[in-house]
Amino acid sequence: MTPRLIYSFLIISNVWLALGASAWGNEVSQTVRTYAFPTDPFFYQPGPGQELANVYCIICHSAEYMYTQPPHSKKTWIEIVNKMKRAMGCPIPDDQIGSLATYLFQQNSTSPIPPPASP
Ligand code: HEC
């Protein structure tokens, strides 16, 4: 065997030893844990009107702004959308505001973000 071959042999056998040792070490009993992640609060959740919200209402901030609001009436949602349009510059067309407000009103009563754990 040339020194080069011996060197390669040593490297390869060390890799196998390491792999064998780590497989042996893994025989410790493993507990399966499952975690429930909250739905993504960045985007608006499924429902009629979702497309409108995901087009016009995540230009500047995430959907979390809506989901973390206390429950509002549909009239208040129309006012908020109008504020986003007139004061902030949201490009939503006037004839879409009613449908969007209906969607926001329905979504606002659901919460994809779990409430904070009580102390
Ligand atoms: C052009 C940027 C922009 C767009 C587009 C936009 N917002 Fe906002 N939004 C803001 C800003 C800035 C604030 C923070 C205002 C403040 O702190 O007074 C805000 C705040 C909010 C709030 C918190 C409550 C409030 O009245 O301040 C809600 C709810 C909200 N936006 C919903 C929406 C919805 C629904 C849409 C889609 C129609 C939308 N936003 C589109 C900029 C925008």
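Here are the numbers for the structure shown:
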quantity: Size descriptor, Kirkwood hydrodynamic radius, that averages inverse alpha-carbon separations across region 50-108, Å; calculated: 11.3
quantity: Accessible-area composition of region 50-108, carbon plus sulfur, in percent [1.4 Å probe]; calculated: 57
quantity: Cys90 long-range amide H proximity, modeled H, under 5 Å; calculated: Lys85
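The values are calculated or read from the model by the stated rules, or taken from the named source; none is laboratory data. If you're wondering where the values come from, they're calculated on a predicted model, not measured in any experiment. To get the accessible areas, we keep the full protein, side chains included, count just its heavy atoms, and leave off ligands, DNA and RNA. Shrake-Rupley method; radii C 1.70, N 1.55, O 1.52, S 1.80 Å.
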